[in-house]
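Single-structure report; data block below.
Just so it is clear, none of the values below were taken in a lab; they were calculated from the coordinates. All figures in this text were calculated on a predicted structure; none of them were measured in a lab. Every residue, glycine among them, receives a Cβ derived from its backbone with ideal geometry; neighbour counts consider all protein chains shown.
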Amino acid sequence: MRNLIVSIFAGIGFILLISCARFNRKHPPCDEVKQVKIDTDRKKEEILHDYVDYCGRKEWKNDKGIVMLREFKNEQGLDCWLLIPSIDDSYKDNPPERFATFQGDIILVFSADSMHNVIPAKGDKNQLNRCLEQIIGDRVYIRPTIKGRWTDGVRPFSNEKITEGAHRFHGGNGGTLIIVFNADGTYRKFLPV
């Protein structure tokens with residue numbers, strides 16, 4: 001009888017342990033940034049799937065990468081998304097109050113009044129960033145705090161000292177994509193100019 005009671009309590013404890021583990025996995029590690037669902041229909045799910053797949057092949061490097069999504073209305077009043085791949089923590093300059101997950105990847109959701117102008121979050125920036133660090137984990141590189149480059153170089157022919165190390169910039173749109181959702185349920189894709 002005693003063994004039966006111990007077995008029952010052990011079974012109940014095991015079930016509670018599994019339930020707690022499942023609960024903890026489904027909820028974000030903090031509350032300052034709200035989790036939202038953005039793949040609310042088949043079209044949005046397809047857009048996100050294609051975009052995340054593209055980012056994984058072309059934009060994200062060394063297992064680093066998130067999507068930054070700006071939600072806004074265009075001049076015609078249509079809902080739009082601006083999708084931007086990122087491999088660094090530049091989101092910290094103006095952190096969002098919302099995020100979504102999509103097939104294991106993180107999408108930061110920014111409110112914007114246009115393609116170029118993100119509306120600043122109302123929450124405390126430091127608290128939002130601490131929360132986002134927990135959610136994003138090691139998915140992004142941390143930008144260096146020093147904003148210059150030392151060099152000992154000189155310019156050819158003039159022997160003038162070069163004051164800053166070399167920079168390399170790439171052209172193109174960096175993987176950014178605009179989605180316009182039409183009133184009839186269709187959508188259009190554009191590359192920003």
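The table for this structure:
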| item | result |
| --- | --- |
| Distance between modelled label sites at Lys92 and Trp150, nm, 7 Å Cα→Cβ extension | 2.2 |
| Phi-based couplings in Hz for the range 33-50 (Karplus 6.51, -1.76, 1.60; Gly and Pro marked x) | 10, 8, 7, 10, 9, 10, 8, 7, 8, 4, 5, 5, 4, 5, 4, 5, 4, 4 |
| Extension reserve of the Glu46-Phe157 stretch, reckoned as 0.36 nm per residue once the Cα distance is removed | 34.4 nm |
| Amide hydrogen neighbours beyond the local backbone of Asp89, cut-off 5 Å, H modeled | Tyr141, Arg143 |
| J(HN,Hα) series, the range 157-163, from Karplus relation 6.51 cos²θ - 1.76 cosθ + 1.60, nearest Hz, glycine and proline x | 6, 8, 6, 6, 5, 7, 8 |
| Burial order of peptide ranges 99-105, 41-47 (average beta-carbon count within 10 Å, highest first) | 99-105, 41-47 |
| Unit charges at the beta carbon, dipole of the range 99-168: most positive-side option, Asn129, Val118, Thr163 | Thr163 |
| 5 angstrom amide H check on Tyr187, placed H, neighbours 5+ away | Asn182 |
| Inter-label distance, nm, simple model (7 Å from Cα along the C-beta direction), Lys122/Asp53 | 3.9 |
| Sequence-distant residues sharing a close amide H with Phe102 (under 5 Å, placed H) | Ile107 |
| The range 21-131: C-alpha pair distances exceeding 23 Å, % | 31 |
| Whole-Hz ³J(HN,Hα) from phi, Karplus 6.51 cos²θ - 1.76 cosθ + 1.60, for the range 60-74, glycine and proline x | 7, 10, 6, 6, 10, x, 9, 10, 10, 10, 9, 9, 7, 10, 7 |
